[in-house]
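Comments concern the structure below.
The values are calculated or read from the model by the stated rules, or taken from the named source; none is laboratory data. Quick caveat, the model's predicted, so the values are computed rather than measured. Because the Cβ atoms are built from the backbone with ideal geometry, glycine has one as well, and the counts that use them run over all protein chains shown.
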Amino acid sequence: MQTRWDLSYLYSGFDDPAFTSDLNALKSSIEEARTALASADDDRAFIKAFITENEAISCLTEKLFSYCELTLSADASNAQAEKYLDQVMLLSNDISLLSSSVVRRLGNMQNLEEILASLPEAAPCAFALREMAEEARHSIPEAIEPWILKMQLSGGGAFSMLRNKLDATHLVEYRGESLPLSSVRGLAYSPDESVRRDAYEAEITSYSKMEIPMASCLNSIKMEARTLSELKGYPSVLDMTLAESRMDRETLDAMWTAVREALPDFRRYLLAKARLLGHKNGLPFFDLFAPVGKSRTYTLEEAHDLLLREMGKFTPKMAEFMDHAFQAGWIDVYPRAGKSGGAFCAGVHSFDRSLVLTNFQGSFSDVSTLAHELGHAWHNRCLAGLPYLMIDTPMPLAETASIFNETMLSYQVLSSCSPEEELHLLENGLMEATQTVVDIYSRFLFESEVIQTRADHAMTPDELKDAMLRAQDASYGEGLDPAFRHPYMWACKSHYYSSGLNFYNFPYAFGLLFGKGVFARYLKEGSAFVDTYCQLLRSCGSAPVAEVAASVGIDVHSVDFWRESLSMIRRDIDRFCALCE
Ligand SMILES: [Zn+2]
């Protein structure tokens, strides 16, 4: 098994002549595209030129960008990777402006449908072209677009960067030591209750030092979001976000309705965990992540064998695919100095390859992460061969294959483990599901209130704390001890602060529940579902979310679909509560 990436199929290094030649080719492709589009005789020729140029530019950008980014995430101190990444990013600004001009032109075409029907090159990209034409209705007026883009650099973008600096340099006084915020938050997973509690108290106390600048960042970023949604002609920031996610209000409402109905189940789980840990008034925030039960560890070989055996039950092709990823250097497995934390999967479409980064240390959760990231890789495999214009999966659907894999793995493993291990695995899954459903719901309520209030005034830190506590009360209810909540969750979650990306919360809940709902379909239909599933993944970038789901008979407008997903979690909660008794 290879435990490091093999990136040589992209380039042999930054001094590889192919790298320089591709970088130059990208610059000239952008120029060439500008000329070709400007000199197209008519709309038909314009669309034909756009499709050709877009494929060439996307392919080069992806290759160069992937090589720089992947090199950097495996070796943060690689100065060359950083330098070239900057250059590629600058070029991508040019590509954005080019794409805005295409959007305007498509929006003005009276004969678009006629061309889509008669131009063979356009048919496979029809959805993307129609979507771009539609986008024109919401584009920023051409004369001010470059200025707005520049103002964003010193507005939302600057506040977002300030937020990251505040977060990265924030120190917490914990037991006589000054520690970075992330280290202190990491202590929430400690097996020692006094550590978890002291860390929580130290963390909460520390926020008063940064609450004023942090509140300014939040207020400014959300004000900019309001301004942009108005400028683009959306009724609200949420409407703009939903449109960008290819999702409709009906879907979101149906999901939240089912989530609200399921909150008492999650509270039952939280109360059972609280009792198990000796608390009487619900779970204190500092014990949300407390480990429960006994766990075993896995070597990489054991993880590999487990994944192949259990995922192979879905289809032998999945086992073959995973084995290939392990053997062919698709995965950078172990943690090491200079390598980025966490895990991700990056697809390189033109090579039909995916690169997975993990920090494997042998817990079941690490094995589950491998299943998750290889799910993304499988999704990329299903998209192979499609035009670049049609592989853009919106956020809500992006986690379908990864959650499907995680759910499948835990479903199989839970059916054959010892009771002690079962308690640990169930709890671990429920802890994560609670974050993705209950905490995310509180974040949605909180962000809605901040955006709403911002029309009137900038919220003070006290108002933000109060809004956060009310949001936690509405979602966690009696499951959380009222004396130990987290009024500063808005100060530590980066998701509220990415300018240009709002309500970066509901797509997670959607992803988890949709992935589970798809798995529930598999349980019903068995192996007959395998092809349908792959077709579903292949169509993720080809239609609005509700249509993609409907293509495999899933109605995301129906509350019942979401109820069924949530009932899978309820079964785990019932079992967990029974084991706790
Ligand atoms: Zn993922």
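Quick one: which residue in Arg175, Arg185, Arg163, Arg197 is charged (D, E, K, R) and on the phi > 0 side of the Ramachandran plot? It would help to see each step written out before you state the result.
Working: Arg185 fails: on the phi > 0 side of the Ramachandran plot; Arg163 fails: on the phi > 0 side of the Ramachandran plot; Arg197 fails: on the phi > 0 side of the Ramachandran plot.
Just a single option satisfies the conditions, and that option is Arg175.
One line per residue, one yes/no per condition, for (1) buried (at least 18 other Cβ atoms within 10 Å of the Cβ); (2) touching a residue at least 24 places away in the same chain (Cβ under 8 Å); (3) part of a helix (DSSP H, G or I); (4) outside the structural domain of Arg538 (by TED's automatic domain parsing):
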position	(1), (2), (3), (4)
Gly107	no, yes, yes, yes
Glu113	no, no, yes, yes
Pro120	no, no, no, yes
Pro124	no, yes, yes, yes
Met132	yes, yes, yes, yes
Pro146	no, yes, yes, yes
Met151	no, no, yes, yes
Unique residue being assigned to a helix (DSSP H, G or I), farther than 24 Å from Cys217 by Cβ and basic (Lys, Arg) when the list is Arg185, Arg196: Arg196
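Is one or more of the residues making up the stretch 445-468 within 16 Å of the ligand (Cβ to nearest atom), within 30 Å of Glu131 (Cα to Cα) and in contact with a Phe, Trp or Tyr (Cβ under 7 Å, 6 or more places away or on another chain)? Reasoning before the result, please.
Here is the first cut: in the stretch 445-468, the ones within 16 Å of the ligand (Cβ to nearest atom) are none.
No, the stretch 445-468 contains no residue that is within 16 Å of the ligand (Cβ to nearest atom), within 30 Å of Glu131 (Cα to Cα) and in contact with a Phe, Trp or Tyr (Cβ under 7 Å, 6 or more places away or on another chain).
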So Ala346, is it in contact (Cβ under 8 Å) with a residue 60 or more places away in the chain, surrounded by fewer than 16 Cβ atoms within 10 Å (Cβ to Cβ) and not β-branched (Val, Ile, Thr): no
crowded, with 16+ Cβ neighbours inside 10 Å, within 25 Å of the chain's Cα centre (by Cα) and free of Cβ contacts under 8 Å to residues at least 40 places away in the same chain, is that true of Met89? no
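Here is a yes/no grid of residues against (1) closer than 25 Å to Phe514 by Cβ; (2) touching a residue at least 24 places away in the same chain (Cβ under 8 Å); (3) in a helix (DSSP H, G or I):
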{"position": "Tyr200", "(1), (2), (3)": "no, yes, yes"}
{"position": "Ser220", "(1), (2), (3)": "no, yes, yes"}
{"position": "Ser229", "(1), (2), (3)": "no, no, yes"}
{"position": "Thr241", "(1), (2), (3)": "yes, yes, yes"}
{"position": "Asp265", "(1), (2), (3)": "yes, yes, yes"}
{"position": "Tyr269", "(1), (2), (3)": "yes, yes, yes"}
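Which ones in the stretch 5-49 are of a type in the set (Ser, Thr, Tyr), closer than 20 Å to Leu355 by Cα, surrounded by fewer than 18 Cβ atoms within 10 Å (Cβ to Cβ) and at pLDDT 95 or above? Talk me through it step by step, then tell me what you get.
Keep residues of the stretch 5-49 that are of a type in the set (Ser, Thr, Tyr), which gives 8-9, 11-12, 20-21, 28-29, 35, 39.
Filter once more, so that each one left must be closer than 20 Å to Leu355 by Cα: 8-9, 11-12.
Still in the running and surrounded by fewer than 18 Cβ atoms within 10 Å (Cβ to Cβ): 8-9, 12.
Passing the criteria: only Ser12.
Determine whether Ala328 is within 16 Å of the ligand (Cβ to nearest atom) and of a type outside the set (Phe, Trp, Tyr). Quick ask: steps written out before the conclusion?
Details: within 16 Å of the ligand (Cβ to nearest atom): no; of a type outside the set (Phe, Trp, Tyr): yes.
Taking the combined requirement at face value, the residue does not satisfy it.
Let's see how each residue does on (1) more than 29 Å from Arg246 (Cβ to Cβ); (2) at pLDDT 95 or above; (3) within 16 Å of the ligand (Cβ to nearest atom):
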| residue | (1), (2), (3) |
| --- | --- |
| Tyr388 | no, yes, no |
| Ala398 | no, no, yes |
| Glu421 | yes, no, no |
| Leu425 | yes, no, no |
| Asp439 | no, yes, no |
| Ser442 | no, yes, no |
Of all residues in the stretch 327-338, how many are in contact with a Ser or Thr (Cβ under 9 Å, 6 or more places away or on another chain) and outside any loop (DSSP other than H, G, I, E, B)? 2
For the stretch 401-408, check the following and say yes or no: at least one residue is surrounded by fewer than 21 Cβ atoms within 10 Å (Cβ to Cβ) and either closer than 24 Å to Glu301 by Cβ or within 16 Å of the ligand (Cβ to nearest atom) (or both). no
Screening Ser350, Ser416 for residues that are within 22 Å of Arg571 (Cα to Cα), more than 15 Å from the ligand (Cβ to nearest atom) and hydroxyl-bearing (Ser, Thr, Tyr) leaves only Ser416
Would you confirm, using the coordinates I've provided, whether Leu383 is within 16 Å of the ligand (Cβ to nearest atom), under 29 Å from Ala133 (Cα atoms) and not polar (S, T, N, Q)? yes
(1) at pLDDT below 95; (2) touching a strand residue (DSSP E or B) at 6+ places or on another chain (Cβ under 9 Å); (3) among the aliphatic types (A, V, I, L, M): which one isn't true of Ala202, the others all being true? (1)
Is it the case that Phe14 is farther than 24 Å from Arg137 by Cα, in contact with a Ser or Thr (Cβ under 9 Å, 6 or more places away or on another chain), in a loop (DSSP other than H, G, I, E, B) and not acidic (Asp, Glu)? yes
